[in-house]
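First comes the structure, then the notes that go with it.
Here, each number is a calculation from the coordinates, and none is a lab measurement. Fair warning: this is a prediction, and the values are worked out from it, not measured in the lab. Here Cβ is always computed from backbone atoms with ideal geometry, including for glycine, and neighbour counts include all displayed protein chains.
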Amino acid sequence: MVYSKQKEMSSRDKIFSAIRKNKPEPVPFAEPDASVVISYPDLFEQFKTVLTAIGGSCIEVSSAAEANKLIAELEKGAYVIDTTADYPENLASLSPGLLASVDTAIIRGLTAVAENGSIWVTEKEMVNRLLPFIAQQLILVIHEKDIVPTMHQAYEKITINETGFGVFIAGPSKTADIEQSLVIGAHGPCGMRAVVIKN
Amino acid sequence: MKDHATLAEEFIKDEARTNWHDETLWFVRQKRDKAAHGLPEWEQLREWASQIKNHTLSNMDRYLEEFEKNALANGIRVHWAATAEEHNRIIHDIIKKNGITRIVKSKSMLTEECHLNHYLEEQGVEVVDTDLGERIVQFRHEPPSHIVLPAIHLKKQDVSDTFHKHLHTEKGNNDPTYLTRAARVHLREKFIASELAITGVNFAVAETGGFVVCTNEGNADMGTHAANVHIACMGFEKLIPKASHLSVFLRLLARSATGQPVTTYSSHFHKPKPGQEMHIVIVDNGRSNILGKPDFRNALKCIRCAACFNTCPVYRRSGGFSYHTAVAGPIGSILNPNFDPKKYSDLPFASSLCGSCSNVCPVKIDIHDQLWKWRQALTKAGYVPLMKKIMMKGMAFVLGRPALYRFSGASARWVLRYMPFMVKFKINPWYKQREMPAPPKQSFREWYIQNKKK
C-alpha cells in the first residue's frame, strides 16, 4: 500500500503549510524612528512626575554612599534583602515560602524611562526572579544618567535577552478589578520607591 | 442558543447597573484619550504598529521559523497546536507527565478561547485563575465579561458576597481595599504552593526567541517564578520581528487599554530559570484560515487592548455576556464569525457602525468596515434570520423610491402624533425598554425646501 507509507502530517507542518498557502503578498514596513517622538526638557522631573502619578515615589540622593545610608535608616528592623550590597549566598535558590516574608527588596535598575516611570531590571541584578515581585516593598536604585526619554531609547540601550529574564517595573503592584477602584498592592509590592543617584 | 439582542435584553433589565456599566467604561475610554493626546506622535505610533503587524502577517512562516529556532536555542520547548483541543491536550500531557496538581494561571484570552479550564476540570485538574477579576468570576462560575476588566459587570457588593462565600470575608464589607487584601492573602498562598504556572503572551519576538507578558497585579510573575514549570500559550499572530518593535507596542497597549503610560510589569522571558521547564504552545485554531481572507485578515493584528470595547455604544450598554463568546466587543464580533459563522451570525449586527472602534484601535484594524462586510457575507451565506432579511429588503425598496420614502416618513410622523398606540406596543422591537421619540413637526426635506428660499 502506497498510502500507509505516507507519514501523517504533524501539526507544525499543517500550520506552516496553511500559513504559506494563505499569507498575503509581502508587505513592507517603516522602521520606527525615535527621532520624531516626544522629548522632555528635564528627564528626571518627567520620570519623577510619572512615577508619583502611578503610585510610586522617587527619592533623590547625591551619591551611592548616601543612598546606602538612607536605605539603612529607612529599613531599620525590617527583613531586607539588598542585592546591591551583601545578600544571602543561597538567595538564588531561596524558596517562595521563605521569600514571602521579605519586607523589602533593594535591587539595582539599569535603565529608567521618563515617559512612563518604568525601570528595567534583569535577572542578574535581582538574583532571584521572584524577589522584586514577592517582597512587600520594593526599592530600585538607579543613576540619573540612565534615564532615557521613551521606550524607543530604552530598547536601544538594553539587550532584552542579555539574561534569561528582564522586566520593566513601573510603580507598585496594583489592581482596579473591583468596581474600577484603584487598590495599590495586588499580589506584589504594596509600595515601590526609586532611589535616584544624581550625577 | 440566545442571540445578542436577547441576551442584551436581560442585561439592561437593571437600568441603574446598565448606566453604571456604560459610564464606567466611557470613563476608561476618556482616560485612554488623555493618554493618547499626551503623545504628539500617537498617530505615527499607530501607523508603525499597523505596518509592523501587516508586514509580520505577510511573512508569518519566516518569522515563526526564526522564533522557533531562537526559542529552542534558549532552552524553551516549543509545541504546535493546530486546534483548541490539541492545545488543551498538550498542556494536560505536561501536567500528567510531571504529576502536577497545583496550577496557577494568569490572564490568557487564548486559554478562554480554547476552554482550557473546563477541559482540565473534566480531567480532574483544578486551575486557579490569579488575575483578581478572573478569580472573582471563577468563584462565580462565570466567564470574563471583558478581556481587560474581567469582572466589570459586577458591583462591589457582588464581589463582597462572593468573597464572603469562598474566602470567609466579613458579610457586607464592600470596601475594595479590604476585598483586594483578602484575595492577596488567598492568592499568595496559591503562588507559593504552585508547581506549574500558565500564562498568555502579549508579544513574542522572532529575533530573540523570547516573549513578553504584561500585568498590573504581578500575578503572571508571581506564578511563573515560583513554579518549576511554566507554560506560555500564544496564537501565532502575537509574533513581532524585533525587540526594538516592542517599544511601539508597549507604548500603545496600556495607554489604549486603561490610559496608563505602561503596565506595572512588562516581563521579558527568554530562558527558564535553573531547574525550571519552560514551554510555549503556539496555536493556530482557525487563524491560518483568517490569514487567507483579504477582507478579514486584518483582524489578526489585534493586541487585545479592548479600547474598542470601552468606546462601543453597544458593548457599553449590553455587557460582555451578550456576545456569548470569550472575546466580546467589536473585535470579537469580527473575529468570531471566522470560527463559526452560524453560531456568531448575530454579532456583526450588534453595532451601530459608528466607526468609533476603528478610530481608537491602536493597530488600525478596520473594525467597522469588517462588521459591515460580515453582515453581507453572513446574509449571503443564509445565516441571517428571515425576518431581518425581509425588513432589509423592504427598507431597500423604500429607500430606493423617493416618493414612497417621503410618504412613509410623513405617515410615520402622523402615526406617532395621532395614533401612538400603533407603535407603542410590546411586539415593536424599537419600543422595548425605550421611549419612542417625539415626532418632529416637519421632515428635514420640508425644512430644507422652506429654508432654502429664505
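For B:E47, the shell of other residues with beta-carbons less than 15 Å away shows a net charge of 0, using +1 for Lys and Arg and -1 for Asp and Glu. Counting beta carbons within 10 Å around each of B:V283, B:V125, B:V360 and listing the fewest first gives the order B:V125, B:V360, B:V283.
Going down the table (B:K69/B:K364; A:K76/A:K157; B:K2/B:K432), which pairs top 27 Å between alpha carbons? All intermediate terms of the calculation are to be shown ahead of the outcome.
On the way: B:K69/B:K364 30 Å; A:K76/A:K157 35 Å; B:K2/B:K432 17 Å.
Table pairs above 27 Å Cα-Cα are B:K69/B:K364; A:K76/A:K157.
Here the range B:39-285 is treated with +1 on each Lys and Arg Cβ and -1 on each Asp and Glu Cβ, and its dipole about the Cα centre works out to around 640 debye.
How long are the three semi-axes of the equivalent ellipsoid of the range A:13-149, in whole Å, if each is the root of 5 times an eigenvalue of the C-alpha gyration tensor, listed from largest down?
Working: eigenvalues 275, 127, 28 Å².
Ellipsoid half-lengths, sorted descending, are 37, 25, 12 Å.
For B:N451 and A:K14, FRET efficiency with R0 = 56 Å and r from the beta-carbon atoms, rounded to 0.05?
Values: r = 65 Å, r/R0 = 1.16.
Result of the calculation: an efficiency of 0.30.
Evaluated at q = 0.12, 0.15, 0.21 Å⁻¹, a Debye calculation over the C-alpha positions of the range B:1-152 (equal weights, vacuum) places log10 I(q)/I(0) at -0.87, -1.16, -1.28. Label-to-label distance for A:A85 and B:Q376 is 7.0 nm, based on points extended 7 Å past Cα in the beta-carbon direction.
The aspartates and glutamates within cross-link reach of B:K97, meaning a Cα-to-Cα straight distance under 13 Å and a gap of 8 or more places when in the same chain, are B:E195, B:E277. Here the spin labels are modelled as points 7 Å beyond Cα on the Cα-Cβ line, and at B:E43 and A:S101 they lie 5.9 nm apart.
In the elastic network of chain A, a GNM with C-alpha springs shorter than 10 Å, the most mobile of A:E66, A:E123, A:E31 is A:E31. Largest GNM mean-square fluctuation among A:A176, A:A53, A:A154, using chain A with Cα springs under 10 Å: A:A176. Relative to the longest principal axis of the Cα atoms of chain B, helix B:156-167 runs at roughly 30 degrees. Computed over the range B:338-400, the range of Cα coordinates on each principal axis works out to 38, 30, 15 Å, biggest value leading.
The Cα trace of the protein assembly as shown gives Rg and Dmax of 26.7, 91 Å, the first to one decimal, the second as a whole number. Ordering B:P261, B:A410, A:A114 by the projection of their Cα atoms onto the charge dipole of the protein assembly as shown, which places +1 on the Cβ of Lys and Arg and -1 on the Cβ of Asp and Glu, puts B:A410 at the extreme positive end.
To check you understand DSSP bridge types, tell me what percent of the beta bridges within chain A (both residues inside) are antiparallel, rounded to 5. Roughly 30 percent of the DSSP beta bridges within chain A come out antiparallel.
Quick one: dipole size for chain B, taken about the Cα centre, charges +1 on Lys/Arg Cβ and -1 on Asp/Glu Cβ, in debye to the nearest 20.
Working: 63 positive and 46 negative charges, 475 e Å.
For this selection, approximately 2280 debye.
By the Cβ distance rule (another cysteine Cβ under 4.7 Å), the unpaired cysteines of chain B are B:C114, B:C214, B:C233, B:C302, B:C305, B:C312, B:C354, B:C361. A DSSP coil position with no more than 11 other Cβ atoms inside 10 Å describes the following trypsin sites (Lys or Arg not before Pro) in the range B:162-221: B:K171. Of all aspartates and glutamates in the structure, those lying under 12 Å Cα to Cα from B:K155, and not within fewer than 8 positions of it along the same chain, are A:D177, A:E179, B:D175.
What number results when the radius of gyration of the range B:204-254, computed over Cα atoms, is divided by 2.2 N^0.38 Å? Show your work: numbers first, answer last.
On the way: Rg = 12.2 Å, N = 51, 2.2 N^0.38 = 9.8 Å.
Normalised Rg, Cα atoms only: 1.24.
Since only A:A64, A:T83, A:S10 are under comparison, the one whose Cα sits farthest along the positive direction of the charge dipole of the range A:1-89, derived from C-beta charges on Lys, Arg, Asp and Glu, is A:S10.
Roughly how big is the range A:40-197's charge dipole about its Cα centre, with Cβ charges of +1 (Lys, Arg) and -1 (Asp, Glu), in debye to the nearest 20? Let's see the in-between values first.
On the way: 10 positive and 19 negative charges, 24 e Å.
My answer is approximately 120 debye.
For B:K452, which lysines qualify as cross-link partners when the Cα separation must be under 25 Å and same-chain residues fewer than eight apart are set aside? Correct list for B:K452: B:K441. Considering only A:S62, A:S118, A:S17, the Gaussian network model of chain A with Cα springs below 10 Å gives its largest mean-square fluctuation to A:S17. For a test of the definition: using alpha carbon positions, the gyration tensor, and the 1.5 limit on a/c, classify the range B:39-285 as rounded, prolate or oblate. Oblate. The DSSP beta bridges internal to chain B are antiparallel in roughly 25% of cases. You can think of it this way: the chain between B:A5 and B:R401 has 139.5 nm of extra reach, that is 0.36 nm per residue less the Cα-Cα gap.
For the range B:387-452, what class follows from the C-alpha gyration tensor (a ≥ b ≥ c being the square roots of its eigenvalues): rounded when a/c is under 1.5, otherwise prolate if a/b is larger than b/c, else oblate?
On the way: a/c = 2.46, a/b = 1.22, b/c = 2.02.
Oblate, since a/c reaches 1.5 and b/c is not below a/b.
Between B:M419 and A:E73, the simple spin-label model (points 7 angstrom out along Cα→Cβ) gives 8.7 nm. R0 = 60 Å: FRET efficiency of A:I59 with B:F444, Cβ-based, nearest 0.05? The computed FRET efficiency comes out at 0.40. Residues whose amide H lies under 5 Å from that of B:I147, counting only those 5 or more places away or on a different chain, are B:A328; hydrogens are built 1.01 Å from N in the peptide plane. According to the calculation over all Cα-Cα pairs in chain B, the P(r) per 10 Å bin from zero is 4, 18, 28, 25, 14, 7, 4, 1, 0 %. The calculated FRET efficiency for the pair B:T24 and B:T177, based on their C-beta separation and a Förster distance of 25 Å, comes to about 0.85. Of the beta bridges in the protein assembly as shown, as assigned by DSSP with both residues counted there, near 30 percent are antiparallel.
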